[in-house]
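J.: Just dropping this structure here.
The values are calculated or read from the model by the stated rules, or taken from the named source; none is laboratory data. Because the structure is predicted, anything quoted here is derived from the model rather than measured. We place every Cβ from the backbone using ideal geometry, glycine too, and count neighbours over all the protein chains shown.
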Amino acid sequence: MTAKKTVPSKKTATTPRQLTLATWNINSVRARLALMDGFLRQYNPDILCLQETKVRDDEFPHDLFAQHGYAHRLIKGQPGYNGVAIFGRMPLELAEAKQLVGRDDKRHVAARLPDGTVIHNFYVPAGGDIPDVTKNDKFAHKLDVLAEMTAWSKALKTKGRQHILVGDLNIAPLESDVWSHKQLLDVVSHTPVETEGLLKLQASHGWVDAVRHFTPASEKLYSWWSYRSPDWEKADKGRRLDHVWVSQDLAPRLKAAQVAKAMRGQEKASDHAPVLVTLKLD
């Protein structure tokens, strides 16, 4: 774990009246520096959470993030797979870094903001291709991670802090979160055991789905489109795997949310699009 600091840019000179947070499964940060540069220039979030950075801490490409004013960084990486990171223009204090189900897989890091709000960045395992715990250890591991997160989330109720949970949770919980509910019922990421498990996790802390706060559950919404689709945009066979949840006391501060779908169409894109949420500050 490293907490990297550099000299703040002029962007940190004044305290913003609102905070925009972005979460993105970047699918190898070093392979997508040009994509990241374009995203940061266009969207300019105050807090950036990444999953699947796929790089050792001592090889992380800090320069690009420093150039964009992210003076504060929490990095938890692995070579070749997994890896999570949080970047901020305000100070970030390491709050927690969980080893889920006893594995040091670099799937979680949490940052405490100056006002005490804690941002939890998770990368839930994909779970392989076969939705059967007796035939697929990866799927069994995914469900174990989900169960441990639910117990952890329930315990947050006693800590009296404001919390935000973000990340690639690798589950599309609602029928409108996938292109075809009927055709994906037996496909990992939308099976009943996964969707029920994710909704149980959400209920365990009373989390508010920040994106669905603005987009009705009746409306289709995706954040991931497979590389296997030759024309992903025309086919639009997506799934909403990337989420931002806020504790109930933060819900009244929600101001806006969006999926930056255009980033999926850029050169050397990740198969995930960034999700951005804006909150009002006190």
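J.: Return yes or no: is Ile130 assigned to a loop (DSSP other than H, G, I, E, B), surrounded by 16 or more Cβ atoms within 10 Å (Cβ to Cβ) and in contact (Cβ under 8 Å) with a residue 24 or more places away in the chain?
T.: no
J.: Among residues belonging to segment 185-199 that are of a type in the set (A, V, I, L, M, F, W, C) and surrounded by fewer than 19 Cβ atoms within 10 Å (Cβ to Cβ), point out the one that is farthest from His120 (Cα to Cα).
T.: Across segment 185-199, the extreme among qualifying residues is Leu185.
J.: I've got another one for you. Please go through (1) buried (at least 24 other Cβ atoms within 10 Å of the Cβ); (2) among the basic types (Lys, Arg); (3) touching a residue at least 40 places away in the same chain (Cβ under 8 Å) for Lys106 and return the number of the only condition it doesn't satisfy.
T.: That leaves (3) as the condition not met.
J.: What number of residues within segment 75-102 are out of contact with any Lys or Arg (no Cβ under 8 Å at 6 or more places or on another chain) and in contact (Cβ under 8 Å) with a residue 12 or more places away in the chain?
T.: The total comes to 4.
J.: Further, regarding this structure: Could you please tell me which pairs satisfy a Cβ distance under 7 Å, a separation of 6+ or placement on different chains, a first residue in segment 187-211 that is under 19 Å from Val133 (Cβ atoms) and modelled with pLDDT of 95 or more, and a second residue that is surrounded by 15 or more Cβ atoms within 10 Å (Cβ to Cβ) and basic (Lys, Arg)?
T.: Every condition considered, the pairs that remain are Ser189/Arg239; His190/Arg239.
J.: Going residue by residue through segment 122-133, is there one that turns out to be closer than 19 Å to Asp242 by Cβ and of a type in the set (Val, Ile, Thr)?
T.: yes
J.: With the condition being β-branched (Val, Ile, Thr) and closer than 30 Å to Asp37 by Cβ, I'd like the strands (runs of 3 or more DSSP E) fully within segment 151-270 carrying at least 2 qualifying residues.
T.: It comes to 163-168, 242-246.
J.: Same structure again: Go through (1) of a type outside the set (Val, Ile, Thr); (2) closer than 30 Å to Arg17 by Cα; (3) surrounded by fewer than 14 Cβ atoms within 10 Å (Cβ to Cβ); (4) at pLDDT 95 or above for Gly160 and report which single condition fails.
T.: (4)
A quick yes/no check of all residues on (1) surrounded by fewer than 14 Cβ atoms within 10 Å (Cβ to Cβ); (2) among the aromatic types (Phe, Trp, Tyr):
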{"residue": "Leu201", "(1), (2)": "no, no"}
{"residue": "Arg212", "(1), (2)": "no, no"}
{"residue": "Trp225", "(1), (2)": "no, yes"}
{"residue": "Ser229", "(1), (2)": "no, no"}
{"residue": "Glu233", "(1), (2)": "yes, no"}
{"residue": "Val246", "(1), (2)": "no, no"}
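J.: If only one of Lys255, Lys237 is more than 24 Å from Leu279 (Cβ to Cβ) and touching a residue at least 40 places away in the same chain (Cβ under 8 Å), which one is it?
T.: Sole residue among the options that is more than 24 Å from Leu279 (Cβ to Cβ) and touching a residue at least 40 places away in the same chain (Cβ under 8 Å): Lys237.
J.: Further question on the same structure: For segment 80-103, which residues satisfy the criterion of being surrounded by fewer than 19 Cβ atoms within 10 Å (Cβ to Cβ), in a loop (DSSP other than H, G, I, E, B) and among the charged types (D, E, K, R)?
T.: Lys98, Arg103, listed by residue number.
J.: While we're here: Here's a check for you: in segment 271-282, which residue that is of a type in the set (A, V, I, L, M) and assigned to a loop (DSSP other than H, G, I, E, B) is surrounded by the fewest Cβ atoms within 10 Å (Cβ to Cβ)?
T.: By that ranking, first place goes to Leu281.
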